[in-house]
Amino acid sequence: MTRVDAAETGGRGADGPDAGGGTGLAVLGRVIRPVLRPGPWRRGPFLTALALLLGLLMLLHAWIPNRIGNLGSLVETFLPWFGLFVPVLLAGALWRRSASAVAALLLPVTVWLNLFGGLLADKSHPGGDLTVVGQNVDAGNPDPAGTARDLAASGADVLALVELSEQARGVYEKGLAKAYPYHTVQGTVGLWSRLPLSDTRPVDVGMDYGPLAATKPADVRLASARALRTTVATEQGPLAVYVAHLGSVRVNPRAGFSTAQRDRGAQALGKAVAAERNERVVLLGDLNGTLDDRAFAGVTSRMRSAQEVAGDGFGFSWPAAFPVARIDQILVRGVKPRSSWVLPATGSDHLPVAAAISW
């Protein structure tokens, strides 16, 4: 056996520099590998954060302040649509193979189902003592006569119309006269009925606001009235019916979600309903907002949505071409909604909404 001493090998042995270097690289590799290729629970931290933020946004929507551009009301108006972000985030989580992001999505899914899951089931029942229909017929409706025919064919016992223009009012009165022997019009809102009406009066919903409002003559204020209250004489007893068209809302980059006029009307309507002595009440109209919006707390605390109690789905009513929100409402107190649905489009930019109620 030939002996090789350390001098001839340059001092390299089992514990020489090459071995040490190899060991160092191996250790470094073991440290870097998890960073470069993290496990499924460490992947997608950004997606995980977005999922949690989405869930918290829906869960705590009532805490979003309105001080800046009415952001809270804007979020609540389109709250159901936030659920669309769930499949988008899920696709990203699966692509990234992020177990943490998938787990985080349980929060928004649970919150969304808690808020809106009940609307996915059909809660309607057959029957009903009275059918009510409401529609914003659109002041710019190109075919009011056709709209009147469609609404008369709906089978409604009580028909509420808002945004009646001065030019189209006579067209509706003529087109609905045969089916509805009783009717009242106050300003730009009206009610047609198969049953007698009484105790009709306009309701102030704050459209005239400011120091000069009180100085206007009564006939001037009545001409621009956008809400009314009347009593329908049913076989089961008197039914108070309110018809309302609240102020419009606007979204623009500078002012944000402008709702001041609408919100004043919602507060006034809530007070009118609270003061109503009749136990049985129905409210129909274009409220220019969804009932998730905090602005309607004064109304929703005293009345129930027919769509939420006895409808099938969300019942979106606006815009008619591609409905994304239900701003046309039917709310009740003291009567039971049996069913609620949306009728086919007419010449208006709003879809008609309907409900069958019983005692």
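The values are calculated or read from the model by the stated rules, or taken from the named source; none is laboratory data. Not measured: the values here are computed from a predicted model. In this analysis, Cβ positions are derived from the backbone assuming ideal geometry, glycine residues included, and neighbour counts consider all displayed protein chains. Accessible surface areas use protein heavy atoms only, side chains included; no ligands, DNA or RNA. Shrake-Rupley method; radii C 1.70, N 1.55, O 1.52, S 1.80 Å.
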For V309, indicate whether it is open to solvent by 20 Å² or more (accessible area, probe 1.4 Å), touching a strand residue (DSSP E or B) at 6+ places or on another chain (Cβ under 6 Å) and in contact (Cβ under 8 Å) with a residue 40 or more places away in the chain. yes
From the residues in the stretch 188-212 that are at pLDDT 95 or above and small (G, A, S), which one is farthest from the chain's Cα centre (by Cα)? S198
Sole residue being charged (D, E, K, R) and either more than 21 Å from T234 (Cα to Cα) or open to solvent by less than 20 Å² (accessible area, probe 1.4 Å) (or both), chosen from R294, R280, R338: R294
Log entry, pairs with first residue in the stretch 231-243 being touching a residue at least 40 places away in the same chain (Cβ under 8 Å), second being assigned to a strand (DSSP E or B) and polar (S, T, N, Q), beta carbons closer than 6 Å, six or more apart or on different chains, reads T231/S198; V232/S193; P238/T231; A240/T231; V241/T230
Please find, within the stretch 246-262, the residue that is farthest from N136 (Cα to Cα) out of those that are out of contact with any strand residue (DSSP E or B) (no Cβ under 8 Å at 6 or more places or on another chain) and open to solvent by less than 30 Å² (accessible area, probe 1.4 Å). G256
The residue that is nearest to P323 (Cα to Cα), considering only those in the stretch 57-88 that are in a helix (DSSP H, G or I) and open to solvent by 80 Å² or more (accessible area, probe 1.4 Å), is W81
Specify which of the listed residues (L246, L291, L269) is closer than 15 Å to M207 by Cα, modelled with pLDDT of 95 or more and in contact with an Asp or Glu (Cβ under 8 Å, 6 or more places away or on another chain). L246
The condition of being among the hydrophobic types (A, V, I, L, M, F, W, C), free of Cβ contacts under 8 Å to residues at least 60 places away in the same chain, part of a loop (DSSP other than H, G, I, E, B) and open to solvent by 50 Å² or more (accessible area, probe 1.4 Å) holds, among A139, A179, A91, only for A139
